[in-house]
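The values are calculated or read from the model by the stated rules, or taken from the named source; none is laboratory data. Values in this document were obtained by computation on a predicted structure and should not be read as measured data. Cβ: placed from backbone, ideal geometry, glycine included. Neighbour counts: every protein chain shown. SASA here: full protein model, heavy atoms, side chains in, ligands and nucleic acids out. Shrake-Rupley method; radii C 1.70, N 1.55, O 1.52, S 1.80 Å.
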Amino acid sequence: MSTDDFAMDSMLEVFIHETNEMLEQLDEILLDSERAKSITDENINSIFRITHTIKGSAAMMSFNTISSLAHTVEDIFYLLREDPSKLSIVFDSIFDLVFQASDFFKRELESLQSGEYHEGDASAIIASLKEQAAIIKGEKAPEAADGAVKTAASADEDIPADMAKIRVFFETDCGMENIRAFMLLTQLQSCCEKLSSIPANPEADANLCADIIANGFIVICKPQHSLDDVIKAIENALNIKSYEVLSDGSAPVEEEKSAAQSQASPAAGKAAPIADSTAAAVAKVEASNISKGVKQSLISVNQTKLDQLMDLVGEIVTAESMVSSNPDLKGLRLDNFTKSVRELRKLTDELQDIVMSIRMVPLQSTFHKMDRIVRDMGKKLGKQAELVTEGGDTEVDKTINDAIVDPLMHMIRNSMDHAIEMPEERVRLGKPEMGTVSLTAKNTGGEILITVADDGAGLDPEKLLAKAKANGILTKPESAYTEKEIFNLIMLPGFSTNKQVTEYSGRGVGMDVVKKNLEQVGGTISIASEKGKGTTFTIKIPLTLAIVDGMNIAVGDNIFTVPITAIRQSFKISDESQIIVNADGSEMIVLRGDCYPIYRLRDLYNIESGTDVVTEGIMIQVDSNSSGFCIFADELLGEYQVVVKPFPIFLNKYDLKNHGLSGCSVLGDGSISLILDVNSLTND
Amino acid sequence: MANTETTANSVSIDGLTDRYLLFKIDDANYGLPLSLAIEIITIQSITKLPRVASYVKGIVNLRGKVIPVLDVRAKLGLPEHEYDDKTCIIVLDIHDMHVGLIVDMVSEVASALPEQLMPPPKNDKAATYIASVFQKDDKIILNLDCEDFFKDDLEQTRV
């Protein structure tokens, strides 16, 4: 297969990327249409265009199975476009088949991406699609199982008088004549109202090459404005040796123009003439995007480049503070310099914001994937449920987006499989027959809040406890567990409430993996549930991982950075008697009627230097997930923006991340500060 | 991981094979395959890390890159002493990771053909982490076995 071809690699990448995007759009349209129980003309056109483009680019990459399947789907929507009234006949089966086709494409793309491409077998889907096509054609052409051949034959016979006929010869030995012919047709689409060719559908059959070489490729078209435009386009096309106009069909054009115009597809009119078929296709997809307003106009950038850019901006931020707080400048009065530095600071801040925003993607497409899961699982399990999404336009960093797809998918599957009851059961319980799984996202400033909620059976604390006991993962007496703690049990490794392994859940991937995946991007998850009413999972993820506003504090020679968001206040202690010392040596302090433990970084991390005298240092009160506490350090060094760098993987062994240090950061003077993670600081 | 020491029967490809970077710990001469060494930097301020093994001295900032540094003396179980102006950090590339090694001083680069290398004495406590031994002028050079030297630390990185 052509995947071995090195030169094809980048083309392949573009193909996969573009096709993936189009498939996502296709799924979106299908789901919307299925819900609305009808397909608008515009959507039929969109689907037609999407499949047409996939067909073309797949043929160009010589992925024949993809191309022929896309062709079959395209055929159906071509028929529907001609006669939308036929839609009702085949409505249900069409959706399933097109979904199947879309899944097939996705599988093929995945296997292409993995680098070991084995062409899949789509003949079953193609056959059923053709069957549907025959049903649509119904009385018109009941025997037309083989559409391509038929159209090819008929095209020759009934050429209306107003059609121009042009015979084109390609350069000798240019290769892939059929694909070139197809590309030519795509280019001509923009300047023709009607377009067909002999042979028809040249891209579908590589054997047509010989025919095209021998007899030429005949384009039959009705020009939009004048035949000259068409000829110009042919002249500009690549690899054309010669062409001749067989008939120019000029006479009746004027009279029929208005009639024909109403039939012309709106898409063909919109797209401007563009050099190659892929670009033309993309332009069309974009045109449809603008009209639908779902996606912004996008350009695709390699993610590693973005990562590099992000790194570079990080370096600039560091370099900037290296200049502005240069020790050589200490004690000097430099008004103009300070002004310039402030200007520079403003610009780097802006630059940083923009680079961050480039990496942000809306959660919409992730949410749409979940839509599919709810639909498919509902059908398979015989359950009725709908997914209600909210806040799909919330933007998150691309890495975070990628990291939460699997956890979300797992949680939605869980909800569908375990939580939502069968329709009869739901009616018996007095719930609406249709279950609801809701997926919402919200930006709360520094964090993204995602909730996955269902109105299903809810968690049963007693059952969970019994199960945990049976699995031997309880660490204290049963009665000592609060409800919240019991719910958290399901996120422990080795806990799975369902005994049966089904197709969807229980593949050995449990909530513990969900939790782990989320923690990798700094997220947390909490559960609320009421038996019989439903369960709500709440996920909190920091907006971005790369740059944090932090307060630098010193302990002896060491510098630590505490994220500003975690700090509640800092204060000096004037009198040692404010501190209460426990029998075990641990210290506490009472602030505004609440008692907070005190952790001395000096003792926690065995730092030899630094002050031991409480009145000399400073207390920093921080909020962590579990509760608040106070950190004791020598002094505050000031507020800085720091670029979070992970610890070298060489140090993985020491698991610093789970012991209060989320990473490190290079400061302006080249020294390194350790970034404190208040949530895991007190783990030991 | 291709080990350059063992592929040395061919003519040196990039001028690095069969060459060793020599450094000193006390009076003993040690060697490292030159192909592993990226650069040598003078000792600089090291940020200490909590909860790590005693021979992991911390992390340093090498032009924006954060790399861990290990004290060879401590790793070999020798008594540590104050770093002075001869103390160097040799930055190595091991399994695509950068690691700094703190040594007393770096002396020179020496060539040794594979046939000049002798196996280290067996069952000797002093031979820990030693891959081979060779003689240069009147000195005995102990070649550090980097795989073995970092074994404890590398285990966790291959997940």
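Summarising the overall dimensions of region B:19-148 from its C-alpha atoms, the Rg and Dmax are 14.6, 44 angstrom. Can you pull out the GluC sites (Glu not before Pro) in region B:31-112 whose DSSP state is coil and whose Cβ has at most 11 other Cβ atoms within 10 Å? When the GluC sites (Glu not before Pro) of region B:31-112 are filtered for loop state and at most 11 Cβ neighbours within 10 Å, B:E82 remain. Between A:D402 and A:V323, full extension at 0.36 nm per residue minus the direct alpha carbon distance yields a gain of 24.8 nm.
Accessible surface for B:D145 stands near 50 Å², nearest 10, in the context of the full protein assembly shown (1.4 Å probe). Calculated FRET efficiency, A:E116 to B:D85, Cβ-Cβ distance, R0 = 41 Å: about 0.15 to the nearest 0.05. Site pair A:L449 and A:N215 shows an inter-label distance of 6.9 nm when each label is modelled 7 Å from Cα along Cα→Cβ. With the convex hull constructed from alpha-carbon coordinates only, region A:1-145 shows a mean projected area of 8.1 nm² over all directions. Projected label points at A:A470 and A:R333, each 7 Å from Cα along the beta carbon direction, are separated by 8.0 nanometres. Remark: relative contact order (region B:19-148) = 28 percent; criterion is Cα-Cα distance under 8 angstrom and separation of 6 or more residues.
The accessible-area ordering, largest first, of the residues A:S33, A:S226 stands as A:S226, A:S33, per a 1.4 angstrom probe. Global dimensions of region A:361-542 from alpha-carbon coordinates: Rg and Dmax equal 16.1, 46 Å.
In a fully extended conformation the segment linking A:L492 and A:E343 would gain 48.6 nm over its present Cα-Cα distance, using 0.36 nm per residue. Spin-label model, A:H17/B:R51: points 7 Å from Cα along the beta carbon direction are separated by 4.0 nm. Please state, as a whole number in µm²/s, the translational diffusion coefficient that the Stokes-Einstein equation yields for region A:303-359 at 25 °C and 0.890 mPa s, with Rh defined as the Kirkwood radius across alpha carbon pairs. Estimated via Stokes-Einstein, D reaches 197 µm²/s. The local environment of A:Q641, defined by Cβ-Cβ distances under 11 Å, has a net charge of -3 under the rule Lys, Arg +1 and Asp, Glu -1. Principal axis extents of the Cα atoms in region A:547-676, from largest to smallest and rounded to whole angstrom, are 42, 30, 29.
Ordered by 1.4 Å accessible area with all protein chains kept, B:D137, B:D96 run largest first as B:D96, B:D137. On the basis of the beta-carbon distance and an R0 of 22 Å, A:K531 and A:E425 show a calculated FRET efficiency of 0.90. Calculated FRET efficiency, A:M434 to A:S93, Cβ-Cβ distance, R0 = 30 Å: about 0.85 to the nearest 0.05.
Would you mind checking A:K398/A:K463; A:K645/B:K24; B:K65/B:K136; A:K106/A:K398; A:K469/A:K645; A:K232/A:K305 for any pair whose Cα atoms are more than 30 angstrom apart? Where the Cα-Cα span goes over 30 Å, the pairs concerned are A:K398/A:K463; A:K645/B:K24; B:K65/B:K136; A:K469/A:K645; A:K232/A:K305. Charged neighbours of A:G670, selected by a Cβ distance under 15 Å, balance to -2 (K, R count +1; D, E count -1). Here A:E177 sits with roughly 10 square angstrom of accessible surface, probe radius 1.4 Å.
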